[in-house]
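The values are calculated or read from the model by the stated rules, or taken from the named source; none is laboratory data. Please read these numbers as outputs of a predicted model, since none were measured by experiment. Neighbour counts are summed over all protein chains in view; Cβ atoms, including those assigned to glycine, are modelled from backbone coordinates with ideal geometry.
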Amino acid sequence: MRGTRLLMIVCSLVAVASWSTVGWTAPEADPLKPRVPDAERGEARKMESTVKATPEVLAKGKELYEGKGTCANCHGVNGDGTGPGGMLLAPGPRNFTNCKFHKKRKDGELFWVVKNGSPGTGMPGLVKGGILTEEEAWTIIAYERSFCKDTSE
């Protein structure tokens, strides 16, 4: 009986400690820092999207972002970088609601990261890993761009 009570107390303490970290994400040290290696960035910046951000493309991008691409797991359903899978990542996942980020980064840079992953972060290469096609990656990027609501920043 005493052993059961002690086990329940320990489990309760572990549960409380676990809940206290829910929603915590290590913030990016510099949200504008490029995630494409210097040697690759020039070529990446030249790449242009193969899709236009039509309502149909954005709907498909949302479906891919929240489903097959698994983006929402880390970047959050709202694109703010607070998804449950990114909770303990350092640096934290990109916050796609940051309009300054969108203004500074070219589509090709975002594509390079979705394709190859991001060195030094938890971001895997989703195209190289066989999760997404290149067209699906471009579609997700169009959707990610839609998280920025004010491009005047």
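Residue 115: farther than 19 Å from residue 45 by Cβ, among the charged types (D, E, K, R) and touching a helix residue (DSSP H, G or I) at 6+ places or on another chain (Cβ under 7 Å), yes or no? Against the criterion (farther than 19 Å from residue 45 by Cβ, among the charged types (D, E, K, R) and touching a helix residue (DSSP H, G or I) at 6+ places or on another chain (Cβ under 7 Å)), residue 115 does not qualify. In summary, residue 63 fulfils each of the numbered conditions (1) in contact with a helix residue (DSSP H, G or I) (Cβ under 7 Å, 6 or more places away or on another chain); (2) under 14 Å from residue 140 (Cβ atoms) with the single exception of condition (1). Sub-7 Å Cβ pairs linking a first residue in the range 34-50 that is of a type outside the set (Val, Ile, Thr) to a second residue that is surrounded by fewer than 13 Cβ atoms within 10 Å (Cβ to Cβ), at least 6 apart or interchain, are 37/119, ordered by first then second residue. Put simply, of 88, 126 the only residue that is touching a residue at least 24 places away in the same chain (Cβ under 8 Å), assigned to a loop (DSSP other than H, G, I, E, B), closer than 21 Å to residue 39 by Cα and not small (Gly, Ala, Ser) is 126.
The residue list 81, 86, 120, 92 contains one member that is on the phi > 0 side of the Ramachandran plot, crowded, with 18+ Cβ neighbours inside 10 Å and modelled with pLDDT under 95, which is 81. Exactly one residue out of 33, 60 is among the charged types (D, E, K, R), within 19 Å of the chain's Cα centre (by Cα) and buried (at least 18 other Cβ atoms within 10 Å of the Cβ), and it is 60. Residues that are farther than 21 Å from residue 95 by Cβ and part of a helix (DSSP H, G or I) within the range 46-85 comprise 46, 55, 56, 57, 59, 60, 63, listed in sequence order.
Look at (1) assigned to a helix (DSSP H, G or I); (2) of a type outside the set (Gly, Ala, Ser); (3) touching a helix residue (DSSP H, G or I) at 6+ places or on another chain (Cβ under 7 Å); (4) surrounded by fewer than 21 Cβ atoms within 10 Å (Cβ to Cβ) and you find that residue 100 fails only one, number (3).
Of the residues making up the range 114-146, those that are within 12 Å of the chain's Cα centre (by Cα), under 24 Å from residue 56 (Cα atoms) and among the hydrophobic types (A, V, I, L, M, F, W, C) are 114, 126, 140, 141.
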